[in-house]
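The values are calculated or read from the model by the stated rules, or taken from the named source; none is laboratory data. Values in this document were obtained by computation on a predicted structure and should not be read as measured data. Every residue, glycine as well, gets a Cβ built from its backbone with ideal geometry; the counts of neighbours run over all protein chains shown.
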């Protein structure tokens, strides 16, 4: 017995056991560092305050943190065990090399995570990594555009250096520091400590299991969350989904967005007489990264074209994008629906919506999408991601700068070259209208501008202007380009035969964009509120100001109504002139950008941080159609007694958006990318 006990102790205190102990410590330290750093970036009131809210606040601080890191402690143990079995056992690689490779890979992934949550506020996703690499390669100036960008780049470089040094240090310790003489000391100092922490965390999780199960994603292990973010945990199967009828989908959506329908008092803003509805050319101009706060284009004499357009237009001070991403903003504007949360429908196959381009195409319109940048800049789907998306939305013609055009080589040419490209895009819109006229039909043209993309460009001689002024200068020159377009219409006798929509695709998205104007990264108007100017001189004899919240999903049904098309179909939006959006719940989501989504309802914004579990309620524009309209003042905990179950509302919305996208995919019946 004594002999076997000594042998057992000798094995426990062997150099191999010492290497495993050091390996675990070497990986758990950076794991906890990056997890805490991420959690701090996600909590508005600080990590300690977040942990202290709800039932967790009644527990000792030590228990709170044990619950927070319990999954991480076990996940790192599993990672070390698997790496040891595969690397050392199956592949016969020396332990020191496996230790170094594991640490270096983990730290490099964590560096990518750190860059991601410092810039866009979430863990790295594969799509975001590809997008960032491609965009930086083409636009290296973005790395040094602002002081904060430089600091992030320098810090990322330092993290790479630290990752290398950390890996080398533990390689040397594993190879030369774990000897028969030193191993017992390493084992006795490390393993008991680790064991006590693991047992304590397991006991805390077991005792407080009911509480822990109710906690948000922050209690998932760091590496599990990282793997889900990079690989994607989207298990959606749209072609295997048994769909309800369109009527059933619509009725479920109506119940979601009008939970108190009986208290809604909706009235048309301007009833359009049947005789005023008539076919017209439609042009949508999407301004790149244009928060309304900095693109005050309505009622502003500094922008003479937009000011004159506003005299015969529907305008809104409370118009919101659905997601702060150009692709998804365009999807919502054209389809009249919210995009699903998660992977794009394009990743699953071809689709067809009931939106603007699709319906107008069926009515003989010639539909054209014009981009001032390359259309297929996204490398996904074999480089056809964007064009497949646009085809699914119903565009027959896709136009962008030719590959040989120097302006197509970079998203950041000189300011003057960028303005020239915007002018060329609007000339293309005019040519599309004239071609449709020659064919005896009408044109629907979408123009996606690029001038306003970050980092902000500056006209020659104005480099020293503050960033807010730079945005105003861009708006001024876009106003001038649209003015030239309207004069061209007038010269061809088409001034009253066109409906022109000018709106922003989205507001600010990254910390750098917010910081450039002295703001913090946050969910709110600077991210989602964009200008809306719907110019219809042949229909509207005066300015019509919408008094309620509207969304990009409302643009398509409003335009279809203006030209007298009432085909129905599956739409989430409503005719703004008919009062359809009044009293409605309107959604604003970040999708993969940040784990923060929200909605507007009855005079208030409700926002959920999925990772921290925070729910915040803040006052929004008054809702003139709802009896529940109120000036909502958040309590100290950020919630009000009258707040709906925010997580449940967002979950129901996500399920409906999935069903809508599955319907569009099954209509085409083509599975696979």
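Restricting segment 204-236 to residues that are at pLDDT 80 or above and part of a loop (DSSP other than H, G, I, E, B), the residue that is surrounded by the most Cβ atoms within 10 Å (Cβ to Cβ) is 221. Take the conditions (1) part of a helix (DSSP H, G or I); (2) out of contact with any strand residue (DSSP E or B) (no Cβ under 8 Å at 6 or more places or on another chain); (3) over 21 Å from residue 452 (Cα atoms); residue 327 misses just one of them, which is (3).
Only residues that are part of a helix (DSSP H, G or I) and modelled with pLDDT of 95 or more were counted across segment 430-470, and they come to 9. The set of residues in segment 482-498 being surrounded by fewer than 23 Cβ atoms within 10 Å (Cβ to Cβ) and under 31 Å from the mean Cα position of the chain (by Cα) is empty. Assigned to a loop (DSSP other than H, G, I, E, B), modelled with pLDDT under 95, in the same structural domain as residue 291 (by TED's automatic domain parsing) and buried (at least 24 other Cβ atoms within 10 Å of the Cβ): is that true of residue 523 in this structure? No; evaluated as a whole, the condition is false for this residue.
Here residue 644 qualifies as at pLDDT 75 or above, in the same structural domain as residue 358 (by TED's automatic domain parsing) and either under 30 Å from residue 36 (Cβ atoms) or not in a helix (DSSP H, G or I) (or both).
Conditions (1) in contact with a strand residue (DSSP E or B) (Cβ under 8 Å, 6 or more places away or on another chain); (2) closer than 26 Å to residue 298 by Cβ, marked per residue:
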| position | (1), (2) |
| --- | --- |
| 513 | no, yes |
| 518 | no, yes |
| 523 | yes, yes |
| 531 | yes, yes |
| 542 | no, yes |
| 553 | no, yes |
| 575 | no, yes |
| 596 | yes, no |
| 606 | yes, no |
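Could you check segment 526-552 and list, in sequence order, the residues that are touching a helix residue (DSSP H, G or I) at 6+ places or on another chain (Cβ under 7 Å), buried (at least 24 other Cβ atoms within 10 Å of the Cβ) and in a loop (DSSP other than H, G, I, E, B)? Of everything in segment 526-552, just one residue is touching a helix residue (DSSP H, G or I) at 6+ places or on another chain (Cβ under 7 Å), buried (at least 24 other Cβ atoms within 10 Å of the Cβ) and in a loop (DSSP other than H, G, I, E, B), namely 536.
Using the structure shown, decide if residue 124 is modelled with pLDDT of 75 or more, part of a loop (DSSP other than H, G, I, E, B) and either more than 18 Å from residue 512 (Cβ to Cβ) or outside the structural domain of residue 590 (by TED's automatic domain parsing) (or both).
Details: modelled with pLDDT of 75 or more: yes; part of a loop (DSSP other than H, G, I, E, B): yes; either more than 18 Å from residue 512 (Cβ to Cβ) or outside the structural domain of residue 590 (by TED's automatic domain parsing) (or both): yes.
Yes: the conditions hold for residue 124.
Within segment 252-261, can one find any residue that is part of a loop (DSSP other than H, G, I, E, B) and farther than 30 Å from residue 667 by Cβ?
yes
Summed over segment 553-585, residues that are buried (at least 21 other Cβ atoms within 10 Å of the Cβ) and in a helix (DSSP H, G or I) total 9.
Looking only at segment 366-392, residues that are modelled with pLDDT of 90 or more and closer than 22 Å to residue 282 by Cβ come to 12 in all.
When we screen 68, 51, 107 for residues that are under 25 Å from residue 25 (Cβ atoms), buried (at least 21 other Cβ atoms within 10 Å of the Cβ) and at pLDDT below 80, the only hit is 51.
When each of 263, 251 is tested for being free of Cβ contacts under 8 Å to residues at least 40 places away in the same chain and surrounded by fewer than 17 Cβ atoms within 10 Å (Cβ to Cβ), the lone residue that passes is 251.
Here is a yes/no grid of residues against (1) buried (at least 22 other Cβ atoms within 10 Å of the Cβ); (2) more than 30 Å from residue 435 (Cα to Cα):
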residue: 268; (1), (2): no, yes
residue: 301; (1), (2): no, yes
residue: 311; (1), (2): no, no
residue: 339; (1), (2): yes, yes
residue: 343; (1), (2): no, yes
residue: 351; (1), (2): yes, no
residue: 356; (1), (2): yes, no
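Annotation note: of 336, 342, the sole residue that is at pLDDT 95 or above, in the same structural domain as residue 286 (by TED's automatic domain parsing) and on the phi > 0 side of the Ramachandran plot is 336.
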